[in-house]
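The values are calculated or read from the model by the stated rules, or taken from the named source; none is laboratory data. These numbers come from a predicted model, not from an experiment. Don't worry about glycine lacking a Cβ; one is built from the backbone with ideal geometry, like all the others, and counts go over all protein chains shown. Surface areas here come from the heavy atoms of the whole protein model, side chains and all, with no ligands, DNA or RNA. Shrake-Rupley method; radii C 1.70, N 1.55, O 1.52, S 1.80 Å.
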Amino acid sequence: MKNAEEKARKCIYRVAYDKESRKWLIKKDGAKRTIDSYHTKEEAMERVKELCEKYDLNYVVHKKDGKFQKKK
């Protein structure tokens, strides 16, 4: 049971821009599906912060061009 908890804690959310859909996406590392998508980066940031508080996880933010911007 401890290994599953440790593994879950290592997961992080990513906020990145998708050029095709023109939306900001929130995904969990290793997941195929998108958790949520938003038209603005600010909306996506609000949601990812809520998720991180709720599940005690961290997040990484990318710029619109895909480059790394911020880690928490």
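State, in angstrom, two size descriptors of the chain derived from its alpha carbons: Rg to one decimal place and Dmax to the nearest whole number.
In Å, with Rg to one decimal and Dmax whole: 12.4, 40.
Between LEU51 and ARG22, take the C-beta separation as r, use R0 = 25 Å, and let me know the FRET efficiency to the nearest 0.05.
The value I calculate is 0.65.
What figure, in Å² to the nearest 10, do you get for the accessible area of GLU43 with a 1.4 Å probe and non-protein molecules left out?
In the full protein context, GLU43 sits at about 80 Å².
Out of all DSSP beta bridges with both ends in the chain, state the antiparallel percent to the nearest 5.
On the way: 12 of 16 bridges.
Counting DSSP beta bridges with both partners in the chain, the antiparallel share is about 75 percent.
Once you keep just the Cα pairs under 8 angstrom separated by 6 or more residues, what percentage relative contact order results for the chain?
It comes to 30 percent, rounded to a whole number.
Please list ILE12, ILE26 in order of solvent-accessible area, largest first, computed with a 1.4 Å probe with all protein chains present.
Descending accessible area places them as ILE12, ILE26.
Each residue of segment 17-27 in turn: what ³J(HN,Hα) in whole Hz from Karplus with 6.51, -1.76, 1.60 and θ = phi - 60°, glycine and Pro shown as x?
8, 10, 5, 5, 8, 6, 9, 8, 10, 10, 10
Would you mind working out the accessible area per residue for the chain, using a 1.4 Å probe, and quoting it in Å²?
About 80 Å² of surface per residue is accessible.
Can you give the accessible area of SER37 in Å² (nearest 10), computed on protein heavy atoms with a 1.4 Å probe?
50
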